[in-house]
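Novice: Before anything else, here's the structure in question.
The values are calculated or read from the model by the stated rules, or taken from the named source; none is laboratory data. Treat the numbers as computed from the prediction; the structure is a model and nothing was measured. Cβ sites come from the backbone with ideal geometry, for glycine too, and all protein chains shown count toward neighbours.
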Amino acid sequence: MTSKTPLTNEQVAQFHHDGYLIISGLLTEQETSLLQQAARSDDTMRNAAMDVKDTQGRRTGLTLWNHPGDDIYGCIARSERIVYGMQQLLDDEVYHYHSKLSAKEPHVGGAWEWHQDYGYWYNNGCLYPDMASIFIAVDPCTRENGCMQVLKASHRLGRIEHGRFGQQTGADPERVAEAAKILEKVYCVMEPGDGLYFHSNLLHASDPNSSEEPRWGLLCCYNTKHNDPWFESHHPSYTPLDVLPDNCIVEMGARGSAESQTFLVQDDDETTG
Ligand SMILES: O=C(O)CCC(=O)C(=O)O
(Lines give C-alpha, C1' and ligand atoms only; values in the text may rest on other atoms or scores of the structure.)
Protein backbone atom coordinates (compact mmCIF):
# COMPACT_ATOMS: atom_id res chain seq x y z
CA MET A 1 0.00 0.00 0.00
CA THR A 2 1.28 3.44 -0.93
CA SER A 3 1.76 5.86 1.92
CA LYS A 4 -0.80 8.64 2.13
CA THR A 5 2.10 11.05 1.68
CA PRO A 6 4.06 9.78 -1.36
CA LEU A 7 5.67 13.20 -1.93
CA THR A 8 8.43 14.62 0.22
CA ASN A 9 8.08 17.96 1.99
CA GLU A 10 10.63 19.35 -0.49
CA GLN A 11 8.52 18.26 -3.45
CA VAL A 12 5.40 19.84 -1.96
CA ALA A 13 7.33 23.06 -1.26
CA GLN A 14 8.67 23.04 -4.83
CA PHE A 15 5.14 22.71 -6.22
CA HIS A 16 3.95 25.65 -4.12
CA HIS A 17 6.92 27.73 -5.20
CA ASP A 18 7.01 26.87 -8.91
CA GLY A 19 3.41 25.86 -9.59
CA TYR A 20 4.48 22.50 -11.01
CA LEU A 21 6.40 19.36 -10.15
CA ILE A 22 7.82 16.69 -12.45
CA ILE A 23 7.97 13.13 -11.13
CA SER A 24 10.32 10.99 -13.21
CA GLY A 25 9.20 7.39 -13.49
CA LEU A 26 5.77 8.05 -11.99
CA LEU A 27 4.60 4.94 -13.83
CA THR A 28 6.83 1.88 -13.99
CA GLU A 29 8.08 0.63 -17.36
CA GLN A 30 5.48 -2.12 -17.30
CA GLU A 31 2.63 0.28 -16.50
CA THR A 32 3.80 2.70 -19.17
CA SER A 33 3.92 -0.03 -21.77
CA LEU A 34 0.38 -1.14 -20.84
CA LEU A 35 -0.83 2.46 -21.14
CA GLN A 36 0.82 2.82 -24.56
CA GLN A 37 -0.67 -0.45 -25.82
CA ALA A 38 -4.13 0.44 -24.54
CA ALA A 39 -4.14 3.97 -25.93
CA ARG A 40 -2.77 3.10 -29.36
CA SER A 41 -5.34 0.38 -29.98
CA ASP A 42 -8.30 2.21 -28.43
CA ASP A 43 -10.80 2.77 -31.25
CA THR A 44 -13.46 3.97 -28.81
CA MET A 45 -11.12 6.69 -27.64
CA ARG A 46 -10.12 7.59 -31.21
CA ASN A 47 -13.73 7.79 -32.37
CA ALA A 48 -14.62 10.09 -29.48
CA ALA A 49 -11.75 12.50 -30.18
CA MET A 50 -12.49 16.11 -31.04
CA ASP A 51 -10.25 18.00 -33.39
CA VAL A 52 -9.00 21.05 -31.53
CA LYS A 53 -7.67 23.52 -34.07
CA ASP A 54 -4.84 25.94 -33.35
CA THR A 55 -4.48 29.37 -34.95
CA GLN A 56 -2.75 27.84 -37.99
CA GLY A 57 -5.48 25.23 -38.48
CA ARG A 58 -3.34 22.35 -37.17
CA ARG A 59 -5.27 19.77 -35.19
CA THR A 60 -4.81 18.02 -31.87
CA GLY A 61 -7.04 15.05 -31.07
CA LEU A 62 -8.65 15.58 -27.68
CA THR A 63 -10.84 13.02 -25.94
CA LEU A 64 -12.47 14.08 -22.67
CA TRP A 65 -14.40 12.16 -20.00
CA ASN A 66 -15.73 13.12 -16.58
CA HIS A 67 -15.67 9.93 -14.55
CA PRO A 68 -12.86 7.40 -14.32
CA GLY A 69 -13.92 4.16 -16.00
CA ASP A 70 -13.05 0.52 -15.43
CA ASP A 71 -10.14 0.73 -17.80
CA ILE A 72 -6.46 1.54 -17.55
CA TYR A 73 -6.97 5.31 -17.65
CA GLY A 74 -9.47 5.08 -14.78
CA CYS A 75 -7.05 2.95 -12.75
CA ILE A 76 -4.28 5.48 -13.27
CA ALA A 77 -6.54 8.41 -12.33
CA ARG A 78 -7.66 6.60 -9.16
CA SER A 79 -4.31 5.11 -8.18
CA GLU A 80 -3.13 5.86 -4.68
CA ARG A 81 0.20 7.26 -5.73
CA ILE A 82 -1.36 9.91 -7.98
CA VAL A 83 -4.40 10.76 -5.85
CA TYR A 84 -2.53 10.91 -2.56
CA GLY A 85 0.18 13.03 -4.19
CA MET A 86 -2.51 15.39 -5.46
CA GLN A 87 -4.06 15.55 -1.99
CA GLN A 88 -0.73 16.52 -0.49
CA LEU A 89 -0.31 19.29 -3.06
CA LEU A 90 -3.84 20.65 -2.67
CA ASP A 91 -4.08 19.95 1.06
CA ASP A 92 -7.54 18.38 1.00
CA GLU A 93 -9.45 15.37 -0.27
CA VAL A 94 -9.63 15.55 -4.07
CA TYR A 95 -12.15 14.24 -6.57
CA HIS A 96 -11.84 13.51 -10.27
CA TYR A 97 -12.86 16.59 -12.27
CA HIS A 98 -12.18 15.00 -15.66
CA SER A 99 -9.45 13.30 -17.70
CA LYS A 100 -8.39 13.76 -21.30
CA LEU A 101 -6.09 12.28 -23.86
CA SER A 102 -4.24 14.96 -25.83
CA ALA A 103 -2.86 13.34 -28.98
CA LYS A 104 -0.54 15.35 -31.21
CA GLU A 105 0.28 13.37 -34.31
CA PRO A 106 3.56 13.80 -36.22
CA HIS A 107 3.64 16.99 -38.34
CA VAL A 108 -0.07 17.77 -37.94
CA GLY A 109 -0.49 18.00 -34.14
CA GLY A 110 -1.28 21.58 -33.19
CA ALA A 111 -0.17 24.13 -30.63
CA TRP A 112 -1.90 25.07 -27.37
CA GLU A 113 -1.92 28.78 -26.65
CA TRP A 114 -0.89 30.07 -23.23
CA HIS A 115 -3.66 29.50 -20.73
CA GLN A 116 -4.49 28.64 -17.16
CA ASP A 117 -6.95 25.82 -16.64
CA TYR A 118 -8.64 27.88 -13.93
CA GLY A 119 -9.18 30.57 -16.56
CA TYR A 120 -11.94 28.23 -17.76
CA TRP A 121 -12.85 26.25 -14.65
CA TYR A 122 -13.64 29.53 -12.84
CA ASN A 123 -16.68 29.69 -15.12
CA ASN A 124 -17.88 26.34 -13.81
CA GLY A 125 -18.73 27.65 -10.34
CA CYS A 126 -15.39 26.80 -8.70
CA LEU A 127 -14.66 29.57 -6.19
CA TYR A 128 -11.06 28.68 -5.43
CA PRO A 129 -8.23 27.78 -7.81
CA ASP A 130 -7.58 24.82 -5.50
CA MET A 131 -7.47 22.48 -8.45
CA ALA A 132 -4.65 20.83 -10.37
CA SER A 133 -3.82 18.34 -13.11
CA ILE A 134 -1.24 15.75 -13.84
CA PHE A 135 0.08 15.29 -17.38
CA ILE A 136 1.38 11.73 -17.85
CA ALA A 137 3.66 11.27 -20.83
CA VAL A 138 2.53 8.41 -23.07
CA ASP A 139 5.32 9.15 -25.56
CA PRO A 140 8.64 10.90 -25.13
CA CYS A 141 7.83 14.62 -24.90
CA THR A 142 10.48 16.73 -26.58
CA ARG A 143 10.77 20.31 -27.78
CA GLU A 144 10.39 19.02 -31.35
CA ASN A 145 7.14 17.15 -30.79
CA GLY A 146 5.50 19.88 -28.69
CA CYS A 147 6.14 19.10 -25.03
CA MET A 148 4.33 21.11 -22.39
CA GLN A 149 5.81 24.52 -21.60
CA VAL A 150 5.17 26.38 -18.38
CA LEU A 151 5.91 29.86 -17.06
CA LYS A 152 7.52 29.00 -13.76
CA ALA A 153 5.69 30.41 -10.71
CA SER A 154 3.01 32.05 -12.89
CA HIS A 155 0.33 30.47 -10.68
CA ARG A 156 1.12 33.31 -8.27
CA LEU A 157 -0.19 35.89 -10.77
CA GLY A 158 -3.77 34.91 -9.95
CA ARG A 159 -6.38 34.27 -12.58
CA ILE A 160 -5.84 36.07 -15.87
CA GLU A 161 -8.67 37.04 -18.21
CA HIS A 162 -9.38 34.35 -20.83
CA GLY A 163 -11.28 34.52 -24.06
CA ARG A 164 -10.80 35.26 -27.71
CA PHE A 165 -8.10 37.84 -28.36
CA GLY A 166 -7.80 38.38 -32.12
CA GLN A 167 -7.36 34.94 -33.64
CA GLN A 168 -6.35 33.36 -30.35
CA THR A 169 -8.29 31.72 -27.56
CA GLY A 170 -6.48 31.64 -24.24
CA ALA A 171 -5.11 33.98 -21.61
CA ASP A 172 -4.88 37.70 -22.43
CA PRO A 173 -1.76 37.73 -24.66
CA GLU A 174 -0.63 41.17 -23.51
CA ARG A 175 -0.52 40.01 -19.89
CA VAL A 176 1.16 36.74 -20.90
CA ALA A 177 3.83 38.71 -22.79
CA GLU A 178 4.52 40.87 -19.72
CA ALA A 179 4.68 37.79 -17.48
CA ALA A 180 7.07 36.12 -19.93
CA LYS A 181 9.50 39.04 -19.48
CA ILE A 182 9.92 38.28 -15.79
CA LEU A 183 9.21 34.56 -15.43
CA GLU A 184 11.28 31.66 -16.69
CA LYS A 185 9.82 29.57 -19.53
CA VAL A 186 10.44 25.86 -18.91
CA TYR A 187 10.12 23.16 -21.56
CA CYS A 188 8.88 20.08 -19.71
CA VAL A 189 10.88 17.44 -21.56
CA MET A 190 9.68 14.07 -20.29
CA GLU A 191 10.08 10.35 -20.81
CA PRO A 192 7.09 8.03 -21.18
CA GLY A 193 5.65 7.33 -17.73
CA ASP A 194 6.86 10.63 -16.23
CA GLY A 195 4.25 12.85 -14.59
CA LEU A 196 3.90 16.62 -14.43
CA TYR A 197 1.68 17.93 -11.63
CA PHE A 198 0.61 21.51 -12.35
CA HIS A 199 -1.51 24.08 -10.54
CA SER A 200 -4.70 25.29 -12.22
CA ASN A 201 -3.39 28.88 -12.34
CA LEU A 202 -0.06 27.93 -13.91
CA LEU A 203 0.31 29.42 -17.40
CA HIS A 204 1.08 26.62 -19.83
CA ALA A 205 1.23 26.08 -23.58
CA SER A 206 2.77 23.78 -26.14
CA ASP A 207 4.15 24.06 -29.67
CA PRO A 208 2.95 22.11 -32.69
CA ASN A 209 4.40 18.68 -33.30
CA SER A 210 6.97 19.28 -36.02
CA SER A 211 8.61 15.88 -35.59
CA GLU A 212 8.23 12.37 -36.99
CA GLU A 213 7.02 11.08 -33.61
CA PRO A 214 3.62 11.26 -31.92
CA ARG A 215 3.23 13.16 -28.65
CA TRP A 216 0.37 11.75 -26.65
CA GLY A 217 -0.33 12.68 -23.06
CA LEU A 218 -2.94 11.57 -20.53
CA LEU A 219 -4.14 14.44 -18.33
CA CYS A 220 -6.07 13.76 -15.12
CA CYS A 221 -7.62 16.82 -13.47
CA TYR A 222 -8.81 17.09 -9.87
CA ASN A 223 -10.85 19.45 -7.73
CA THR A 224 -10.83 19.68 -3.92
CA LYS A 225 -13.76 18.73 -1.71
CA HIS A 226 -13.91 22.23 -0.15
CA ASN A 227 -14.24 23.73 -3.65
CA ASP A 228 -17.44 21.96 -4.65
CA PRO A 229 -18.86 24.18 -7.47
CA TRP A 230 -21.87 26.24 -6.43
CA PHE A 231 -23.75 25.36 -9.63
CA GLU A 232 -23.76 22.40 -11.96
CA SER A 233 -21.65 22.51 -15.10
CA HIS A 234 -20.41 20.08 -17.72
CA HIS A 235 -17.85 18.78 -15.17
CA PRO A 236 -18.78 16.96 -11.97
CA SER A 237 -19.57 18.35 -8.57
CA TYR A 238 -17.97 16.65 -5.59
CA THR A 239 -18.09 12.89 -6.18
CA PRO A 240 -16.11 10.77 -3.69
CA LEU A 241 -13.25 9.08 -5.47
CA ASP A 242 -12.82 5.33 -5.17
CA VAL A 243 -9.04 5.31 -4.67
CA LEU A 244 -7.40 2.09 -5.84
CA PRO A 245 -4.18 0.37 -4.81
CA ASP A 246 -1.29 1.03 -7.16
CA ASN A 247 -1.20 -2.54 -8.45
CA CYS A 248 -4.63 -1.97 -10.04
CA ILE A 249 -2.88 -0.64 -13.16
CA VAL A 250 -1.02 -3.87 -13.84
CA GLU A 251 -4.03 -5.93 -12.83
CA MET A 252 -6.24 -4.06 -15.28
CA GLY A 253 -3.71 -4.57 -18.06
CA ALA A 254 -3.86 -2.87 -21.47
CA ARG A 255 -7.62 -2.35 -21.40
CA GLY A 256 -8.72 0.73 -23.34
CA SER A 257 -11.89 2.77 -22.74
CA ALA A 258 -14.65 0.94 -20.88
CA GLU A 259 -17.70 0.37 -23.08
CA SER A 260 -19.84 2.24 -20.59
CA GLN A 261 -17.64 5.34 -20.78
CA THR A 262 -19.25 8.56 -21.97
CA PHE A 263 -17.22 11.30 -23.58
CA LEU A 264 -17.67 15.05 -23.69
CA VAL A 265 -18.05 17.29 -26.67
CA GLN A 266 -16.13 20.52 -26.31
CA ASP A 267 -17.31 24.05 -26.62
CA ASP A 268 -15.48 26.12 -29.25
CA ASP A 269 -14.52 28.79 -26.73
CA GLU A 270 -13.12 26.38 -24.23
CA THR A 271 -9.82 24.91 -25.30
CA THR A 272 -9.06 23.22 -22.05
CA GLY A 273 -12.04 21.20 -20.95
O1 LIG B 1 -1.45 18.67 -24.62
C2 LIG B 1 -0.90 19.75 -24.40
O3 LIG B 1 0.20 20.04 -24.84
C4 LIG B 1 -1.56 20.79 -23.54
C5 LIG B 1 -2.90 20.41 -23.04
C6 LIG B 1 -3.48 21.48 -22.21
O7 LIG B 1 -2.93 22.52 -22.02
C8 LIG B 1 -4.77 21.31 -21.56
O9 LIG B 1 -5.46 20.32 -21.83
O10 LIG B 1 -5.11 22.19 -20.75
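Novice: Collect the residues in segment 168-188 that are in a strand (DSSP E or B) and either within 12 Å of the ligand (Cβ to nearest atom) or within 25 Å of VAL108 (Cβ to Cβ) (or both), keeping them in residue-number order.
Specialist: Answer for segment 168-188, where residues must be in a strand (DSSP E or B) and either within 12 Å of the ligand (Cβ to nearest atom) or within 25 Å of VAL108 (Cβ to Cβ) (or both): GLN168, THR169, GLY170, ALA171, LYS185, TYR187, CYS188.
Novice: Search segment 111-167 for residues being in a strand (DSSP E or B) and either away from the ligand (no atom under 14 Å from the Cβ) or without any contact (Cβ under 8 Å) to a residue 60 or more places away in the chain (or both), and hand back the single one that is nearest to HIS17 (Cα to Cα).
Specialist: Per the stated criteria, the residue is LEU151.
Novice: Within segment 189-216, how many residues turn out to be within 15 Å of the ligand (Cβ to nearest atom), in contact with an Asp or Glu (Cβ under 8 Å, 6 or more places away or on another chain) and small (Gly, Ala, Ser)?
Specialist: 4
Novice: Filter segment 43-93 down to the residues that are part of a strand (DSSP E or B) and of a type in the set (Val, Ile, Thr), then identify the one that is modelled with the highest pLDDT.
Specialist: My answer is THR63.
Novice: Determine which single condition ASP130 fails, assuming it passes every other condition in (1) in contact with a strand residue (DSSP E or B) (Cβ under 7 Å, 6 or more places away or on another chain); (2) surrounded by fewer than 23 Cβ atoms within 10 Å (Cβ to Cβ); (3) closer than 26 Å to GLU174 by Cβ; (4) not aromatic (Phe, Trp, Tyr).
Specialist: Condition not satisfied by ASP130: (3).
Novice: Right, here's the next one. Looking at segment 249-270, is at least one residue of a type in the set (Asp, Glu), assigned to a loop (DSSP other than H, G, I, E, B), modelled with pLDDT of 95 or more and more than 11 Å from the ligand (Cβ to nearest atom)?
Specialist: Within segment 249-270, not a single residue is of a type in the set (Asp, Glu), assigned to a loop (DSSP other than H, G, I, E, B), modelled with pLDDT of 95 or more and more than 11 Å from the ligand (Cβ to nearest atom).
Novice: Considering only residues that are within 15 Å of the ligand (Cβ to nearest atom) and buried (at least 23 other Cβ atoms within 10 Å of the Cβ), look in segment 66-95 and name the one that is nearest to MET252 (Cα to Cα).
Specialist: Restricting to residues being within 15 Å of the ligand (Cβ to nearest atom) and buried (at least 23 other Cβ atoms within 10 Å of the Cβ), the top hit is TYR73.
Novice: Here is a further query. If I ask for residues that are in contact with a Phe, Trp or Tyr (Cβ under 9 Å, 6 or more places away or on another chain), surrounded by 18 or more Cβ atoms within 10 Å (Cβ to Cβ) and not in a strand (DSSP E or B), which ones from segment 195-228 would you list?
Specialist: Listed by number, the residues that qualify are SER200, ASN201, LEU202, LEU203, ASP207, ASN227.
Novice: Can you tell me which residues in segment 12-43 are surrounded by 15 or more Cβ atoms within 10 Å (Cβ to Cβ), closer than 28 Å to THR262 by Cβ and more than 16 Å from the ligand (Cβ to nearest atom)?
Specialist: Within segment 12-43, LEU26, LEU27, GLU31, THR32, LEU34, GLN36, GLN37, ALA38, ARG40, ASP42 qualify.
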